[in-house]
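A.B. asks: Sharing a structure with you now.
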Amino acid sequence: METILFSLLNGVIYGLLLFMLSSGLTLIFSMMGILNFAHASFYMLGAYFAYSFTQVTSFWLALIFAPILVGLFGAAVERWGLRKVHANGHVAELLFTFGLAYLIDEVVKIIWGKNTVDYQIPHALDFPLFELFGAQYPAYRMFILVVAVAMLAVLWYLLKRTRIGLIIQASLTHPHMVGHLGHNVPRIFMAVFGAGCALAALAGVIGGNYLTTEPSMATFMGPVVFVVVVVGGLGSLEGAFIASLLIGLMQTFAISISASFGDIFGWAGLSPTSELGSITISSLAPMLPFLMLVLILMIRPNGLMGTREV
Amino acid sequence: MKRIMSAALAAMVLAVPAGQAMSETLKIAFIDPLSGPFGGTGDAGLRHWEHAANLVNADDGVNGNQVEIIGFDNKINPKESLIQLQKAIDQGVRYIAQGNGSSVASALIDAIDKHNKRNPGEEVLFLNYAAVDPVFTNDRCSFWHFRFDSDADMKMEAVTDWINNKPEIKKVYIIGQDYSFGKAVAAAAVKMIGEKRPDIEIVGNELHPLGKVKDFTPYIQKMISSEADAVITGNWGADMVLLVKAATSSGHDVPYLTYYAGGLGAAAAMGEGAVGRVLTVSEVNTNLDTPGAQDELIDGFEDKYTEISYYYQRVFNAMNMLDMAATKADSIDPTKVAMALEGMEYETPYGTVTMRADNHQILQSLYMSTFSKDVKRDVEKTGLGWVSGEGDKIEAADTAMETSCKMSRP
Amino acid sequence: MTDNISISPVNLAPTSAEKFRARIVPLLFMVAILLVIPLFSPSRTAYSLLAAIGINIVFALSYNMLLGRGGLLSFGHAVYFGLGGYAAMHAMRAVELGESGFWSGFPIFGLPIVGFAAGALAGAIIGWPSCRRSGTPFAMISLGVAELIAAAGFMFASVFGGEEGITGDRMNGPELFGLSMGPLSDIYIFIAVWTFIGTASMYAFTRTPLGKLSEATRDNPERVQFIGFSPVRIRYMVFIFAGAFAGMAGAMAAVNYEIFTPDALSLNPSGFVLLMAYIGGIRYFPGPIVGAIVLTLMQSMLSDFTEAWLLYLGVLFISIVTFAPSGLSGVMYGSYTAVRQEGLGGSLQKVKLKLPAFTLIFLGMLVLIETSVRKSNGHGEVFEFFGLSLPFTSPITWLLIAGPIIAGVALLWKAKTDDQGDQP
């Protein structure tokens, strides 16, 4: 009971953080077909900008302005970088972002140094909210939950209830048709790319102090974001949401299972002391998303909720 | 196309002079990551070596020879390290310093062994300042390898000695990264606790993949449920910092006994929440009582390299012992220096250290240091630092372990 | 119907002289280079760099079988390199032990065959599920598989040797061609022979029906299906061959370095081979060779001069992707044809503005990067540029940064308006 409750709570928080990070990528990927390898780098930029903001102003201003700045930077990258490469096809675009990730990593190191920066949770939120079975539940986790849910609500409202949202939604599935209807598709692309980067940066502001803010945080976070987007399915924010939660929950639940292969397959003659038998389910937890990625792509290439093949 | 290739190759072949004669300076090649994710760690090590070399040079050098440290960037990749090793040998380097990554150390030990066997008269000596896999001074020991850091088992000896003096600890949880080092730490912990304190129950022995976990809270919950009184971890880098952060935010208030919480960048990342909770094992901390000269040395270092905190006392030990050995042998020939290094004793400001002759492992006293707010000398301008109190010191002789080393000498 | 039409096609097939010039001469040229190099009596540095280059040439070419020839973007090609290398490493240890009959008589020189077989086997197993998709799903599957196998590499110490990896000694077993395999010069011969075999056979592969079909599948899988071939099968077979040659490169690395560690399986080397192939140029067969040479030298030599070499690598890669998608070999080939068509003067006329413009921008950026890196380190070092010391705060430094960049951009702008003026 205790384990289940904890795993549920932790899984949801981790899942929401993943969702914040990957929602922007889902938008970009579904609309432009670009698998943005630099997406996690924008997440990192968000964290670093927030750190610099908190040095001079406050965390709350950082929460607003860091994503905006990163969003503008993202839009600029689209306008003067990606758009040039667009003519050479999706692989070239993907490789452009691949190179951009290298570049951002190095530039961050030059500007903010090679070591971890002292970006900490604001004091106003640094207290235990309640205690459960001996473990404190920090208020900041609840704050993450609130921000993520708020972001989801705003995003949902924008996409489903406004005219801009309608156009974006249409471009997600039928970009050519939207162009034929006279909308400025390149400008929509630029806006969506910028907005996607801003969302990643928001995740960076929130996650940078909850986890750590250091130059390799992008490489660290990178691959798992793709898993969310691909598993969730192309063009589907709902899919990304479900995939994030699924991955979050799956990982936390797997961690709480201490059984090893030897215990489970003992009937087949696998000794718990052998190399294979001694591997526990919990030690495999962080690899589960990648297993899921491979399986989903093989069985259901549309992803969980996607309407098109990736 | 092919023409370009041939031009490039020819240019390259001609540009590099074929083997230089030994010059008056004693060159030490520092082969460690100087770029990429671990560039910061490697750079800090390089600066310690350079500072130590400057001090020795100011004092008439190593047996009268000026020391030059040359940095080689190995990108923490074993294969790249071997290329850099060949480059270093070409530049007349006979001494190699390296520390980050047991994979690199393993490659270098093997390659230097083979090089020395295949090229008699051009021997190269390996000064290992931080790669702690016990195997390097046991089954895979080599005459050409000297380790100036205590190995993982010796550090665990120190950690378990510390636990031994704390009767209130009844349950211990072990967590580590799922690779050879994490497994070795876990195995050593289980064995030594079993010997010293059979009453202690190991309530968890967990491995997680290297560098893949973002949120450690589920692991912390498991520890809390298991009612552990102390946590032992060999984690380093992000895995260590994230573990501590998760523990802080869940209010898991038990001692975290770590190997690498003292490492570069960790203090800033862990933050104030880790104060009093995190302990680390190391050969020194900068708040120990020492003669004034040592304080001046540390000040000199931290004034020169403002971004780096003084960390590797062992680099200074290594440099001074190299000096003593060369003086004793009256030569800077690696074979003679190696012979002189065997069994050598050296007075550091923190006590005597001894280089064992049978397996080339240093014996030095170790300290358990606690992360603290109330410090004379902080690390990385955080206002936080490391302190030790009564009973936190483990004498050098107590860290000696049996060795399975069968060394073949030239 | 067809009976009535008399077919007299013009014979467009190349004459045998043309074939010889286009297909055999470059390979002979390669042999000549490989033979000439030892005459310069290279240093250890040169020998070890040459060995690394040879290994990377085979590796990058095998990668280009997927990306350039098959249109398959893979993020996990190092898996096959690594598995091939590990197989060779284990074989090398078996030779060292010399217990069983087969291995005790196996020459170390032949180990790349073992790597080839292991790579092919790994490709056959992993390729079966992944090759049913192409494009982004294929790339994502390769990423997932690479992550899984890299993690397994650290978990199974008996096979992969844990972090320290496994080591072996190449000076064992029967000697072939009188090579003891100990000294670097022997290893050079070993690497040269296998680099040539690898390059020649991968070139030959492009001439086979399968090689042609793989290019057809890249360009239009539907049409390939129409003419009666299964794109999935073709991709699968190409994948196996690419894995096999990567495994061969891995085995060459195993013999050269005598150690193999699990990080050889990880995403980093996979990304690096992608950079090599793409920077070199994926549309031309020799492209990856150029890329392998340039990037190996950058990796091993540039880091002596600047710690920001990764930044330069990133800039180079982005510039290639943005301005020259056909890679360095494309640039070389393009300028070669331009010079042939318009003469040296004419083609220089074309780039007379762009060449200095890019040089100026590069100069400005170089000063910017180098001074910033030193500032960021905080060790008080100062960038020396042609004897000129340039501290971060000095106005001269910023003049040297802004001046060339502004001048370069202005030149580019002029070149652009000139072009527009020429072709209204």
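A.B. asks: State the percent of C-alpha pairs, over all pairs in region C:113-263, separated by a distance greater than 20 angstrom.
C.D. replies: Tail of the P(r) past 20 Å holds 59 percent of the pairs.
A.B. asks: Continuing with the same structure: Round to a whole angstrom and tell me the spacing of the C-alpha centers of region C:42-99 and region C:105-182.
C.D. replies: Using only Cα atoms to place each centre, the spacing works out to 8 Å.
A.B. asks: Tell me which chymotrypsin sites (Phe, Trp or Tyr not before Pro) from region C:121-230 have a DSSP coil assignment and no more than 13 other beta carbons within 10 Å of their own.
C.D. replies: Sites meeting the loop and neighbour criteria: C:F177.
A.B. asks: Please report the antiparallel percentage of DSSP beta bridges with both residues in the protein assembly as shown, rounded to the nearest 5.
C.D. replies: Counting only bridges with both partners in the protein assembly as shown, antiparallel ones make up about 45 percent.
A.B. asks: Could you give the semi-axes, largest first, of the ellipsoid that matches chain C, computed as the square roots of 5 times the alpha carbon gyration tensor eigenvalues and rounded to whole Å? Write out the running numbers ahead of the final one.
C.D. replies: On the way: eigenvalues 296, 218, 99 Å².
So the equivalent ellipsoid measures 38, 33, 22 Å along its semi-axes.
A.B. asks: Would you kindly calculate the translational diffusion coefficient of region C:110-200, applying Stokes-Einstein with the Kirkwood radius from alpha carbon pairs, for 25 °C and a viscosity of 0.890 mPa s, and quote it in µm² s⁻¹ without decimals?
C.D. replies: Translational D for this selection: 151 µm²/s.
A.B. asks: Compute the distance in nm between two label points, each set 7 Å from the Cα along the Cα-to-Cβ direction, one at C:R223 and one at A:K84.
C.D. replies: Output for this residue pair reads 3.2 nm.
A.B. asks: Under the definition of Cα pairs under 8 Å and six or more residues apart, what whole-number percent is the relative contact order of chain B?
C.D. replies: 16
A.B. asks: Loop-only GluC sites (Glu not before Pro) in region B:66-157, please: DSSP not H, G, I, E or B, and at most 16 other Cβ atoms within 10 Å.
C.D. replies: Values: sites: B:E68, B:E80, B:E122, B:E123, B:E157; in loops: B:E122, B:E123.
Passing sites in region B:66-157 are B:E122.
A.B. asks: Okay, next question. Could you put A:V231, A:V185, C:V79 in order, starting from the residue whose Cβ has the fewest other Cβ atoms within 10 Å?
C.D. replies: Neighbour counts put them in this order, fewest first: A:V185, A:V231, C:V79.
A.B. asks: Further, regarding this structure: Translational diffusion coefficient, Stokes-Einstein: compute it for region C:24-109 using the Kirkwood radius over C-alpha pairs as Rh, at 10 °C and 1.306 mPa s, and state it as an integer in µm² s⁻¹. Write out the running numbers ahead of the final one.
C.D. replies: Values: Rh = 16.0 Å.
In µm²/s, the coefficient is 99.
A.B. asks: Output the direction-averaged projected area (hull surface divided by four) of the convex hull of the alpha-carbon atoms of chain B, in nm².
C.D. replies: Value for chain B: 21.2 nm².
A.B. asks: Can you list the residues of region A:2-40 with backbone N under 19 Å from a point 7 Å past the Cα of A:L145, pointing along Cα to Cβ?
C.D. replies: A:2-21
A.B. asks: Please work out, to two decimal places, the log10 of the ratio I(q)/I(0) at q = 0.12, 0.14, 0.18, 0.20 Å⁻¹ from a Debye calculation in which every Cα of region B:28-138 carries one identical scatterer.
C.D. replies: -0.40, -0.55, -0.89, -1.07
A.B. asks: Show me, for region A:220-233, the HN-Hα J-couplings you get by feeding each phi into the Karplus relation (A = 6.51, B = -1.76, C = 1.60, θ = phi - 60°), rounded to Hz, glycine and proline as x.
C.D. replies: Ordered by residue, 3J(HN,Hα) equals 5, 8, x, x, 5, 5, 4, 4, 4, 5, 6, 5, x, x Hz.
A.B. asks: Using amide H atoms built 1.01 Å from N in the peptide plane, name the residues 5+ places from B:F30, or on other chains, whose amide H lies under 5 Å from its own.
C.D. replies: Correct list: B:I70, B:G71, B:F72, B:A97.
A.B. asks: Considering the Cα positions of the protein assembly as shown, please state its Rg to one decimal place and its Dmax as a whole number of Å.
C.D. replies: In Å, with Rg to one decimal and Dmax whole: 29.9, 108.
A.B. asks: Can you compute the modelled spin-label distance between C:D304 and C:A13, with each label point 7 Å from Cα toward Cβ, in nm?
C.D. replies: That separation, rounded to one decimal, is 5.2 nm.
A.B. asks: In square nanometres and to one decimal, what's the mean projected area of the convex hull around the Cα atoms of region C:307-394?
C.D. replies: Mean projected area of the Cα convex hull: 7.4 nm².
A.B. asks: Taking amide H positions as placed 1.01 Å from N in the peptide plane, with prolines and chain starts having none, which residues 5 or more places from A:L129, or on another chain, fall under 5 Å of its amide H?
C.D. replies: For A:L129, the qualifying residues are A:Y137, A:A139.
A.B. asks: Next question, about the same structure. For chain A, what is the calculated [θ] at 222 nm in deg cm²/dmol (nearest 500), taking -39500 (n - 2.57) for each run of four or more DSSP H residues and dividing by its residue count?
C.D. replies: -23000 deg cm²/dmol
A.B. asks: So what's the back-of-envelope 222 nm ellipticity for chain C, counting only DSSP H runs of four-plus at -39500 (n - 2.57) apiece and dividing by all residues, rounded to 500?
C.D. replies: Estimated from H runs of four or more residues: -23000 deg cm²/dmol.
A.B. asks: Still on this structure, please answer the following. Could you calculate the FRET efficiency of B:E342 with B:K196 from 1/(1 + (r/R0)^6), where r is the beta carbon distance between them and R0 is 30 Å, rounded to 0.05?
C.D. replies: Values: r = 31 Å, r/R0 = 1.02.
Computed FRET efficiency for B:E342 and B:K196: 0.45.
A.B. asks: Apply the Karplus parameterisation 6.51 cos²θ - 1.76 cosθ + 1.60, with θ equal to phi minus 60°, to every residue of region C:313-322 and state each ³J(HN,Hα) to the nearest whole Hz, in sequence, with x for glycine and proline.
C.D. replies: Residue by residue, region C:313-322 yields 4, x, 4, 4, 4, 5, 4, 4, 4, 7 Hz.
A.B. asks: Another question, if that's okay. Tell me which GluC sites (Glu not before Pro) from region C:74-156 have a DSSP coil assignment and no more than 12 other beta carbons within 10 Å of their own. List each step's numbers first, then the result.
C.D. replies: Working: sites: C:E96, C:E99, C:E147; in loops: C:E99.
In loop regions of region C:74-156 (DSSP not H, G, I, E or B), the sparsely surrounded GluC sites (Glu not before Pro) are C:E99.
A.B. asks: How many angstrom lie between the Cα centre of region A:256-280 and the Cα centre of region B:278-294?
C.D. replies: About 44 Å separates the Cα centre of region A:256-280 from the one of region B:278-294.
A.B. asks: What is the magnitude of the charge dipole of the protein assembly as shown about its Cα centre, with +1 placed on the Cβ of each Lys and Arg, -1 on the Cβ of each Asp and Glu, and no other charges, expressed in debye to the nearest 20? Walk me through the numbers before you get to the answer.
C.D. replies: Details: 74 positive and 93 negative charges, 1084 e Å.
It comes to approximately 5200 debye.
A.B. asks: For region A:93-226, give the magnitude of the charge dipole about the Cα centre (Cβ charges: +1 Lys/Arg, -1 Asp/Glu; no others), in debye to the nearest 20.
C.D. replies: Charge dipole, region A:93-226, about its Cα centre: 580 debye, nearest 20.
A.B. asks: Which one, A:V229, C:G281, B:A274, projects farthest toward the positive side of the charge dipole computed for the protein assembly as shown from Cβ point charges (K/R +1, D/E -1)?
C.D. replies: C:G281
A.B. asks: Also, quick follow-up: Could you compute how fast chain A diffuses translationally, taking Rh as the Kirkwood radius over C-alpha pairs and applying Stokes-Einstein at 10 °C with viscosity 1.306 mPa s? Give it in µm² per second. Numbers along the way, then the final one.
C.D. replies: Working: Rh = 20.5 Å.
For the chosen part, D equals 77 µm²/s.
A.B. asks: Here's another thing I want to ask about it. Given a cut-off of under 8 Å on Cα pairs at least six residues apart, what relative contact order in percent is computed for region A:240-282?
C.D. replies: Over region A:240-282, the number comes to 39 percent.
A.B. asks: Only Cα pairs under 8 Å and at least 6 apart count here; give the relative contact order of chain C as a rounded whole percent. All intermediate terms of the calculation are to be shown ahead of the outcome.
C.D. replies: Details: 599 pairs, mean separation 95.3, N = 424.
Reported relative contact order: 22 percent.
A.B. asks: Would you mind ranking C:V331, B:V159, B:V104 so that the residue whose beta carbon has the fewest other beta carbons within 10 Å leads the list?
C.D. replies: Ascending number of Cβ neighbours within 10 Å: C:V331, B:V159, B:V104.
A.B. asks: Set the bar at 22 Å for Cα to Cα. Now go through B:K336/B:K406; B:K79/B:K114; B:K304/B:K381; A:K84/C:K414; B:K304/B:K373 and name every pair that lies beyond it. If you can, show how the numbers build up before the last one.
C.D. replies: Numbers: B:K336/B:K406 20 Å; B:K79/B:K114 15 Å; B:K304/B:K381 15 Å; A:K84/C:K414 19 Å; B:K304/B:K373 24 Å.
Listed pairs above 22 Å: B:K304/B:K373.
A.B. asks: Another one. Any idea which of C:A246, C:P221, C:G314 is furthest toward the positive side of the dipole for chain C, if Lys and Arg beta-carbons carry +1 and Asp and Glu beta-carbons -1?
C.D. replies: Of the candidates, C:P221 comes out farthest on the positive side.
A.B. asks: Can you compute the FRET efficiency between B:K381 and B:A187 using 1/(1 + (r/R0)^6), with r the Cβ-Cβ distance and R0 = 45 Å? Round to the nearest 0.05.
C.D. replies: 0.75
A.B. asks: For n ≥ 4 DSSP H runs only, could you compute -39500 (n - 2.57) per run for chain B, divide by its residues and tell me the 222 nm figure to the nearest 500?
C.D. replies: My calculation for chain B gives -12500 deg cm²/dmol from helical runs alone.
A.B. asks: Also, quick follow-up: Determine, for B:T352, C:T136, C:T337, the number of other Cβ atoms within 10 Å of each Cβ, and report the residues in order from fewest to most.
C.D. replies: Exposure proxy ranking, most exposed first: C:T337, B:T352, C:T136.
A.B. asks: What number, in nm² with one decimal, is the all-direction average of the projected area of the convex hull of the alpha-carbon atoms of region B:104-247? Intermediate results must be reported in sequence, preceding the final value.
C.D. replies: Details: hull surface 38.2 nm².
Average projection, Cα convex hull of region B:104-247: 9.6 nm².
A.B. asks: Here is a follow-up. Suppose we look only past 22 Å in the calculated P(r) of region A:83-192. What percent of the Cα-Cα pairs does that tail hold?
C.D. replies: 64
A.B. asks: Compute the whole-percent fraction of alpha carbon pairs in region A:1-154 spaced more than 24 Å apart.
C.D. replies: 45
A.B. asks: Still on this structure, I have one more. Determine Rg/Rh for region C:76-159; Rg is computed over alpha-carbon atoms and Rh is the Kirkwood hydrodynamic estimate from the same atoms.
C.D. replies: 1.07
A.B. asks: Right, something else. Based on the Cβ-Cβ distance from B:D333 to C:S100, what FRET efficiency comes out when R0 is 56 Å, to the nearest 0.05?
C.D. replies: After rounding, the FRET efficiency stands at 0.85.
A.B. asks: Turning to a different aspect of this structure: Run the dipole for region C:102-229 about the Cα centre, Lys and Arg Cβ at +1, Asp and Glu Cβ at -1, nothing else charged, and hand back the magnitude in debye, nearest 20.
C.D. replies: Charge dipole, region C:102-229, about its Cα centre: 600 debye, nearest 20.
A.B. asks: Mind checking which of B:S35, B:Q86, B:C141 is farthest towards the positive end of region B:17-164's charge dipole, using Cβ charges of +1 (Lys, Arg) and -1 (Asp, Glu) about the Cα centre?
C.D. replies: The Cα lying farthest towards the positive end belongs to B:Q86.
A.B. asks: Work out from phi, with θ = phi - 60° and the Karplus expression 6.51 cos²θ - 1.76 cosθ + 1.60, the ³J(HN,Hα) of each residue of region A:251-258, listed in order in whole Hz, and give x for Gly and Pro.
C.D. replies: Once θ is set to phi - 60°, the couplings for region A:251-258 become 5, 5, 5, 4, 4, 7, 8, 8 Hz.
FYI, it's all coordinate maths here, none of it is from the lab. Please read all numbers here as calculations on a predicted model, not as lab measurements. Neighbour counts are summed over all protein chains in view; Cβ atoms, including those assigned to glycine, are modelled from backbone coordinates with ideal geometry.
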